[in-house]
Amino acid sequence: MVRLTIDNQIVDAEEGMTILDAASKTGIYIPTLCYHESLSADGSCRLCAVEVIANGASGLVTACTYPVAAGLEVITHSERAMAARKLALELLLAQHPHSTKLQQLAREFGIAQPSFSLKEQECILCRLCVRTCREIVGAEAITFLAQGINRGTEEATVVHSYEKCIGCDACAYICPTNAITVKDVGDTRVLTVPSGRLEFKLKKCKTCGKYWAPEKQLDYIIKKANLAPDAFDNCPDCRD
Ligand code: SF4
């Protein structure tokens with residue numbers, strides 16, 4: 001156990017916890033956007049910025065990635081932390097003004113509208129999709145392309161590999177801004193992603209004739225779980 005203070009409260013946290021874990025456990029709220037408890041932390045959205053004081057020096061860190069340490073003093077709502085969060089949110093909002101999630105956070109932060117404008121884009125580069133595809137699905141079909149750190153994040157993007165993608169739609173589910181969407185039309189699943197459009201043939205149920213899941217996804221599961229080749233001949237409704 002390590003003892004630290006968060007907003008003047010003494011907190012005993014387990015080694016390896018992050019500031020965000022320790023704050024949540026204590027009931028202290030820190031906003032997040034690119035964080036998900038089932039995925040590795042990334043810190044890319046910077047909405048969880050907090051101020052830490054250690055050995056007489058202070059600095060800003062992302063609460064979702066910064067580990068707790070004995071004697072650490074954390075201030076979650078300092079002027080500096082709030083200014084950093086506000087700027088990060090304004091940048092995101094300027095690029096994606098129609099996102100319900102960002103609008104909700106903007107209300108929380110007291111931002112009526114960003115103080116500057118940027119080229120609008122759907123993807124806010126939170127990389128939740130990249131981590132979901134890699135860590136939950138295991139397909140590693142999405143790559144984050146920074147395109148040169150000095151050329152500006154507006155040129156960065158995420159790219160789906162059609163070869164690796166199985167059309168499971170987990171990335172569309174996790175995307176907070178609908179930059180990835182999925183639609184099943186007849187016998188085809190269409191995944192619309194920042195780098196284009198991917199199509200997948202859907203499997204037809206042998207019993208009821210309904211198209212119910214991408215063939216590629218079912219083949220992937222059969223292979224991974226070592227199931228019989230006919231394991232998914234029927235849809236869940238028609239299975240015994
Ligand atoms: S739809 Fe493709 S890219 Fe998205 S999570 Fe599934 S496998 Fe990965």
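The table below lists the values:
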{"read-out": "Using alpha-carbon coordinates, inclination of helix 215-225 to the longest axis of the chain, degrees", "value": "70 degrees"}
{"read-out": "Per-residue [θ]222 nm for the chain (sum of -39500 (n - 2.57) over DSSP H runs n ≥ 4, rounded to 500)", "value": "-6500 deg cm²/dmol"}
{"read-out": "Reference-scaled alpha-carbon Rg (2.2 N^0.38 Å with N residues) for the stretch 1-128", "value": "1.09"}
{"read-out": "Folded to 0 to 90 degrees: helix 79-95 orientation relative to the chain principal axis, Cα", "value": "30 degrees"}
{"read-out": "Convex hull per residue volume in Å³, alpha carbons only, for the chain", "value": "170 Å³"}
{"read-out": "Charge dipole magnitude, Cβ of K and R +1, D and E -1 - the chain, Cα centre, debye nearest 20", "value": "560 debye"}
{"read-out": "Förster radius 41 Å - calculated FRET efficiency between Glu135 and Lys201, Cβ distance, rounded to 0.05", "value": "0.95"}
{"read-out": "Stretchable slack from Lys183 to Ile222, in nm (0.36 nm times residue separation minus alpha-carbon distance)", "value": "11.7 nm"}
{"read-out": "Whichever aspartates and glutamates have a C-alpha closer than 19 Å to that of Lys164, once near sequence neighbours (fewer than 8 apart) are set aside", "value": "Glu135, Glu140, Glu199, Glu215, Asp219"}
{"read-out": "Difference of contour (0.36 nm per residue) and Cα-Cα distance, Asn8 to Asp240", "value": "77.7 nm"}
{"read-out": "Two-site label geometry, Glu37 and Arg80: point separation in nm, points 7 Å out along Cα→Cβ", "value": "3.1 nm"}
{"read-out": "For the stretch 156-227, with +1 on Lys and Arg beta carbons and -1 on Asp and Glu, the positive-most of Tyr162, Thr177, Pro214 along the dipole", "value": "Pro214"}
{"read-out": "Estimated FRET transfer efficiency (Met1, Leu60; beta-carbon r; R0 35 Å; 0.05)", "value": "0.85"}
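Taken together, the values in this text are just the output of simple stated rules run on the coordinates, not laboratory data. The structure displayed is predicted, hence computed values, not measured ones. Neighbour counts run over all protein chains shown; Cβ positions are idealised from the backbone, glycine included.
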